[in-house]
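**Q** The following block contains the structure, expressed as structure tokens.
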Amino acid sequence: MPIYDYYCEPCNLNIQIFCEIEERHDQTCEKCKDFLNQMVSVFANTPARWGDSHGYFDRGLGCYVANSMERDKIMKEKNLRPVSQNELDDHQSAVDNEHTQHEKEVQKFSSVLKATGDFAQATKQTFPDHHPLADPEPFPLGSDLGTIETKTTNKDNTP
């Protein structure tokens, strides 16, 4: 059913009424019971599809789009696809798990550092597999390190 605009002269009142097309000429004012004059009004500016708007900035695409059809077209041109709610939930869950693990590691590191006072020991106990520098291998003293030969030259480039 359409919405019609009416004007009541005795009451000096503008009214919008939601009614059937056949009933549009028989409308009366609720206050004075006089017949209403139907006003000329513009058609409603309806979007092309349900839920479309008159344009918005899409942060995911980084540009202004007029409606969802244009958004779909731009996504197709850029080989993008919409992300499902399950994917968003899975990602958020993974981020939350990583954050919880990080908080546990920070708490453990802080307590070990406070107890021992040794940064290397706290790192080794908190991250035994992650940090190779937590327990560095001693430099092999008996190994063949090779020799570095240096040559001195004088001004005329002779040894």
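**Q** What's the number of the condition E137 fails, among (1) in a helix (DSSP H, G or I); (2) modelled with pLDDT under 90?
**A** (1)
**Q** How about segment 61-108: which of its residues are touching a residue at least 12 places away in the same chain (Cβ under 8 Å) and closer than 26 Å to F127 by Cα?
**A** E105, K108
**Q** Restricting the search to segment 1-23, which residues are in a loop (DSSP other than H, G, I, E, B) and modelled with pLDDT of 85 or more?
**A** E9, P10, C11, N12, C19, E20
**Q** Follow-up. I'd like to know if segment 29-39 contains one or more residues that are surrounded by 11 or more Cβ atoms within 10 Å (Cβ to Cβ), under 20 Å from the mean Cα position of the chain (by Cα) and of a type in the set (S, T, N, Q).
**A** no
**Q** Another question, if that's okay. With the structure loaded, tell me whether K114 is surrounded by fewer than 10 Cβ atoms within 10 Å (Cβ to Cβ) and not in a loop (DSSP other than H, G, I, E, B) or whether it fails that test.
**A** Yes: the conditions hold for K114.
**Q** Let me ask something additional. Restricting attention to segment 48-104, and to residues there that are of a type in the set (V, I, T) and surrounded by 11 or more Cβ atoms within 10 Å (Cβ to Cβ), which single residue is modelled with the highest pLDDT?
**A** First, pick out the residues of segment 48-104 that are of a type in the set (V, I, T): 65, 74, 83, 95, 100.
In the following step, the residues that additionally are surrounded by 11 or more Cβ atoms within 10 Å (Cβ to Cβ) were identified as 65, 74.
Values: V65: 89, I74: 92.
The selected residue is I74.
The values are calculated or read from the model by the stated rules, or taken from the named source; none is laboratory data. Being a predicted model, the structure only gives us computed values, none of them experimental. Don't worry about glycine lacking a Cβ; one is built from the backbone with ideal geometry, like all the others, and counts go over all protein chains shown.
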